[in-house]
1. Mind telling me which of the residues R53, R47, R28 ends up being among the basic types (K, R) and assigned to a strand (DSSP E or B)?
2. Cβ contacts < 7 Å: first residue farther than 16 Å from R359 by Cβ, restricted to segment 276-287; second residue β-branched (V, I, T) and in a helix (DSSP H, G or I), any location; separation 6+ or different chain. Result?
3. Restricting to segment 530-542, and then to whatever is small (G, A, S) and exposed (fewer than 12 other Cβ atoms within 10 Å of the Cβ), can you tell me which residue is modelled with the highest pLDDT?
4. Can you say whether A356 is at pLDDT 90 or above and part of a helix (DSSP H, G or I), as far as the supplied structure shows?
5. Residues being within 23 Å of the chain's Cα centre (by Cα), assigned to a loop (DSSP other than H, G, I, E, B) and at negative phi: count how many of those fall in segment 195-222.
6. Of all residues in segment 181-194, which are farther than 18 Å from G471 by Cβ and outside any loop (DSSP other than H, G, I, E, B)?
7. Have a look at R109, R145, R139 and point out the one that is in the same structural domain as D191 (by TED's automatic domain parsing) and either over 23 Å from R193 (Cβ atoms) or over 18 Å from the mean Cα position of the chain (by Cα) (or both).
8. Could you please find all residues in segment 557-573 being surrounded by 14 or more Cβ atoms within 10 Å (Cβ to Cβ) and either over 21 Å from H174 (Cα atoms) or modelled with pLDDT under 95 (or both)?
Amino acid sequence: MSGIFGVFHFDGAMADRALMDHMAAFMRPSGPDGAGTWVDGPIGLGRTLLRTRDEVDEQMGPATLDGAYCGVIDARIDGRADLLSALGDPERKRLVNADDADLVLAAYRRWGADCVNHFLGDFAFAIWDAPRQRLFCARDHFGVRPFFYALNETRFAFASVLNVVRRFPGVGDHLDDLAVADFLLFDHNQDPRSTTFADVRRLEAAHCLEVSRTGMKTWRYWSLPAAVVRHRSAAECVAGFVDVLDRAVADRLTSRRASVMMSGGLDSTSVAATALRVRHGLELRAFATVYDRLIPDQERRYAGIAAAGLGIPISFGEADSCALFERFGELGDYFPEPAHEPHAATTVDLSRRASAHARIILTGWDGDAVLNDSPRHYLGWLAREGRFARAVFDAARYCVASRRIVPAAWSRSPAKPLRFPEWIQPDLCDRLGLRKRWSAFHEAGPSSAALRPAAEKALGYIAGRSNWFDGFHPACTGAVAEFRHPFLDLRVVEYCLSVPTYPWCIRKDLLRQAMRGCLPEAIRMRPKAALAGFPYLELLQRTESKWVDEFVACPATSRYVDRFRIPSARAEKDPNEAWALLRPLGLDIWLRQLQPLHSPTKERHHEFA
């Protein structure tokens, strides 16, 4: 995951090469293999390189084409053969061994802003179009690669790391109160364009941005397609899924070595099995976080069975001894914004161990979203389409298979609603309309006509958050590696939304059939199981956790929270309520560590302000 950054002065001022070099130094954790900058009049661009391809000689700095285009590109472009075919000869021959940056530039030259509709993969980039005097930027479909920017009357600055944007002259450190309130209410910002800092914005997932001397505009280039069922034979359904999953995993294996974050569940083990099948000679190693004493966790056992069956080594990270908010003072880079992760130390440690083996880390995110739904809406759709016989037949098959007269999803009681956090400062609630915001969030849901409501909700949540993947970035984890998520490949997502919910996307039957003969049966047929307990609840009961209820809020926290109205987290037995009661403490720790990022060059380059 290479680092990109740049500045465009649309008032005609000259970009400063010294400032570009200064920013490159801060981006080196995102690209330890080299850096380069490019300046031409009002535009300055820079890139730091993290090498993840064995066969391709990747460029360190900005890429150029025809003297007309210059781009800083953080991308892994999948389906390269199809893209090269679409570009046609002679581009196909010229680019057959090109790196991803050259592919993106060639596609932009051919199709302009429409190039994004020809891309598969994860990407964030900015291209200076000299003939049109505009900067064109884009971000991938699910927002796997980050893109932050700041805009004022004279200048547009951007970077793939939030704290680098904050270092540009003229970018203030004041907070966005609504974003902080959203964190306290929901764990994350409701506005996918916002960050915790008022002057820094996000480019949303599946969006393009164009800035020129006439201003800036953004637009959405892709939306999650509604599920459209295409009935096929059982063999065709499974074969089609195996094909798209194979391609998704193969495109992510750009090196002979890879790590996989592998629990004992079906998703990550399937990714590991597929990786070994599609890449002969792959040096794959698994990594897993386990609890041996704190809760009755079975992940060590099942992950071990999977690793033994696949014939790969596995490294376990034991998390029992990790206290709540442990080592947060050392993890400042992991939290460019508030993040509700009391167990972050275990995540960071495992990521760093995995990156010591390989610069590619595969995950099973988010197989649940695309492969596990309720049959209710699908059966209703069949009835609305007049396919009553099929609806009755599939409903009967489902009830027999699940040994229930009424499908479980129909009889399940609704989740207990959370209480509005009365400990948020009343004046903040009134000024920002937080009670109305709370109600709107909890009343929202997928369309009643949706065929795959759980999938649409989960995938929409991921894309809408925009910062879902920020914690995977090397600038945050300190792990010199890219996390890659095959189940969020566009081909996999669109295929899974096209197969009949029953039987294929009930309890992941499609994946179970696809993994027949590839995984040990104990894993392939293992029922879906949530974590067997809540580690933070257990930790709260320990004597050493008394401080959680006794912390003294700093003045910055008191702007948002009435500390004396926060109930005891240790006394709360409901896991969701206890989790919410830990957010003020997480915010307080983050605010205490927050430092103004004043670049040494800010005073010298006051003209950027």
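The values are calculated or read from the model by the stated rules, or taken from the named source; none is laboratory data. A quick note: this is a predicted structure, and the numbers were derived from the prediction, not measured. Here the Cβ positions follow ideal geometry from the backbone for every residue, glycine too, while neighbour counts run over all protein chains shown.
1. Details: R53 fails: assigned to a strand (DSSP E or B); R28 fails: assigned to a strand (DSSP E or B).
Going through R53, R47, R28 in turn, the sole match is R47.
2. From segment 276-287, the pairs are V278/V249.
3. A532
4. Criteria met by A356.
5. 10
6. A181, L184, L185
7. R109
8. R563, I566, P567, A569, R570, E572
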